[in-house]
1. Cα convex hull of the stretch B:10-112: mean projected area in nm², to one decimal?
2. Looking at the P(r) of the stretch A:49-203, how many percent of alpha-carbon pairs lie beyond 21 Å?
3. With +1 on each Lys and Arg Cβ and -1 on each Asp and Glu Cβ, and nothing else charged, work out how big the dipole of the stretch B:51-183 is about its Cα centre, in Debye to the nearest 20.
4. Count, for each residue of A:315-321, the Cβ atoms from other chains sitting within 10 Å of its Cβ, then give me the mean as a whole number.
5. When ranked by the protection proxy of mean other Cβ atoms within 10 Å per residue, highest first, what sequence do the peptides B:19-27, A:184-192, A:53-61 form?
6. Can you list the HN-Hα couplings for the stretch B:119-127, worked out from phi with the Karplus curve (6.51, -1.76, 1.60; θ = phi - 60°), rounded to whole Hz and with x for Gly and Pro?
7. Determine, at each q value in 0.24 (inverse angstroms), the log₁₀ of I(q)/I(0) that the Debye formula gives when each Cα of the stretch A:437-544 is one equal point scatterer.
8. On a C-alpha basis, how far is the centre of the stretch A:303-371 from the centre of the stretch A:467-516 in Å? Whole number, if you could?
Amino acid sequence: MSAVIDEHDHHADDHHDHGPAKGLLRWIVTTNHKDIGTLYLLFALAMFFVGGTMAMVIRAELFEPGLQFVDPAFFNSMTTMHALVMVFGAVMPAFVGLANWQIPLMIGAADMALPRMNNMSFWMLVAGVLLLASTLFMEGGAPNSGWTLYPPIVLQPITVGKALPFAVFSVHLLGISSIMGAINIIATIFNMRAPSMKMMDMPLFVWTWLITAFLLIAVMPVFAGAVTMLLTDKFFHTSFFNAAGGGDPVLYEHIFWFFGHPEVYIMILPTFGVASTIIPIFARKPLFGYASMVWATASIAFLSFIVWAHHMFTVGMPIAGELYFMYATMLIAVPTGVKVFNWTATMWKGAMTFETPMLFSIAFVVLFTMGGFTGLMMSIAPSDFQYHDTYFIVAHFHYTLVPASIFILMAAGYFWLPKWTGHMYNEKIGQLHFWLSAISVNILFFPQHFLGLAGMPRRIPDYAVQFADWNMISSIGGFIFGASQLLFLYIVIDTIRGGTGEKVTGEVWENAAQHSLEWTLPSPVPYHTWTTPPTMVPTEHVLDAH
Amino acid sequence: MSDNLGKKNSRLALTLLLVAVAMFGFGYALVPIYDVLCEWKWIERDRPDDIKKVPETAYKVDKNREINVEFMTTLNESTPMEFRAEKKQLKVHPGEYHTVNFYAENKTGKVMLARAIASFSPAVTSSYFEKTQCFCFSEQTFKAKEAKIMPMRFVINPELPEQYKTITLSYTFFDNTERSEKN
């Protein structure tokens, strides 16, 4: 078939063996996309529990008004670190892990395009997160300015202690790691596809990741630049953000959100990709509107670059600016709406079954849409003045991250674990995990809308007594949600160790092989796959496009 | 992996790396871009450079309008100074000149270089608030324990739109000693 394969056999270097190397060193030096994918996913899962523990500290402190368990500075460290760990340590690495596992399998490639760089991106991520975590043990504590690291507060001795340079270098490492990951993903998708797979044949997960990778390359360096300016302002007497030297702290907000807004889509676009992969299989129908899904993803990515100032309506912009950012933001609802309608239309009259991955995906469609609607509310500049920096925004972005990104990551786990391990997970416990999570996540975050509308500010350890009841309910939801996630940990370990003992077929899910290439391989997936590219590409998912 | 594909991958990776480096540069380019946008009044802000000394112009005093000017004084972080305005507020007619004295004292036993930064609320009023004399035009040097009375002379341009009835002028003193000595 192709020269690629023959060459491989003759020049075989470190991949000529047919199984993984023995011993622990395998995990350190591996260049196999499946091993690296596993490392990313396990690391992300660990960080999910670290960040989750911080969230539990926050909810415990807010259980009642008054100061109970932690001092205010530590509380603010918790909100800051919870966000940084969840964003850069859990959600982003989890999606990179899925990309590592799935993209080569889905496009018929033997591995990622740049396997050694792949290994380096993972270990740099670990270094970055450890550096960040080390600030928790420093004099003055971890950064506590909020994850946005706004000056002037982030530069003041009372808030930074010794942590600032460590946090900045950690952002540099995490940035380099994700840029390398993104370059690898783009090179893999462009150069390594099976010859018969055209761009518009690619599964949506691959498409959404391709677009996300471009976002990463475009904005991570800008964030690295912004934090470098913080560093030089603090230690080398530059005045980018220092008013006394002619700088302006508002400039930081512009640069930060130029990164920050695309960043939130970096966390949601692959989510859309996984949802578009799971829903058709359990609805037993092709995905409705494949081409429109691709275009909607690209439009959202483009719009993400030109709406950043909606995060800072209250800094004092000319009316024209407020109006522009308001309308541009509202425009995002159009491609996002296209997606929601397409998922709904895919399910319409489908022969649906409700296994755990599908349950999480349906909950995602419903709850993400709610998060989208509160986003629309806040896009209205004059109303935003009331919501700004209250629990309303906290509720909004948690709805778009927890029951959206996190739920879909859970769904992806249930969906692909049988494929990866060859074992079936325990469906009963999976469903229990789903229902506990879906109910408690609403007990946790829904009351925060009320708190925000009533005026409770975010990032405070203590609050006025009129907020007590809803905070207590929210905390109870938080504790149930946190505890329920231990079920997921149990299921993952149990499935790796044999699960229900039920043998899964290569296809795992009914007719899945008609949707995407990975299901045509045996389960568990062999250590080396697609050394010969597939000749036939499933087209069920793109039926609408042709 | 064939050499051909390997080359293709490295070339693409290198191109993308260059894009990433260029975007790092773009982050820094946003600084001058921001300055230009502020100049064009796409973004409103007051910076020391913007608050230029203006020559004393004789305006027609508008006796029909009265603007309430409020003065706020703040010390950045823990700048070791005392700083206050002689009055909290002043009612003025547009076009009429007034002088307000500010009192500042260096509480330390060392020479201090300090810079006062002005901020207006509402921000748009800053371009109608003309100062002919101000301690904020330049960095102030305070000898050890020195106290100064610093006058600020201003006029409100009668072209100030009708809807503005109150202007809050806030000054923040920054201890710039370390920064100025390094530069």
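Derivation of every value follows stated rules applied to the coordinates shown; laboratory data play no part. Since the model is a prediction, treat every value here as computed from it, not as a measurement. Positions of Cβ are generated from backbone atoms using ideal geometry, with glycine treated the same way; all protein chains shown enter the neighbour counts.
1. Numbers: hull surface 51.1 nm².
Directional mean of the projected Cα hull area for the stretch B:10-112 stands at 12.8 nm².
2. That tail contains 54 percent of the Cα-Cα pairs.
3. 200
4. Numbers: counts 4, 8, 4, 6, 1, 1, 4.
Mean number of neighbouring Cβ atoms from other chains: 4.
5. On the way: B:19-27: 17.0, A:184-192: 23.2, A:53-61: 18.8.
Put in order of decreasing packing, that is A:184-192, A:53-61, B:19-27.
6. Once rounded to whole Hz, the list reads 8, 10, 9, x, 4, 5, 5, 4, 6.
7. -1.24
8. Their Cα centres are 25 Å away from one another.
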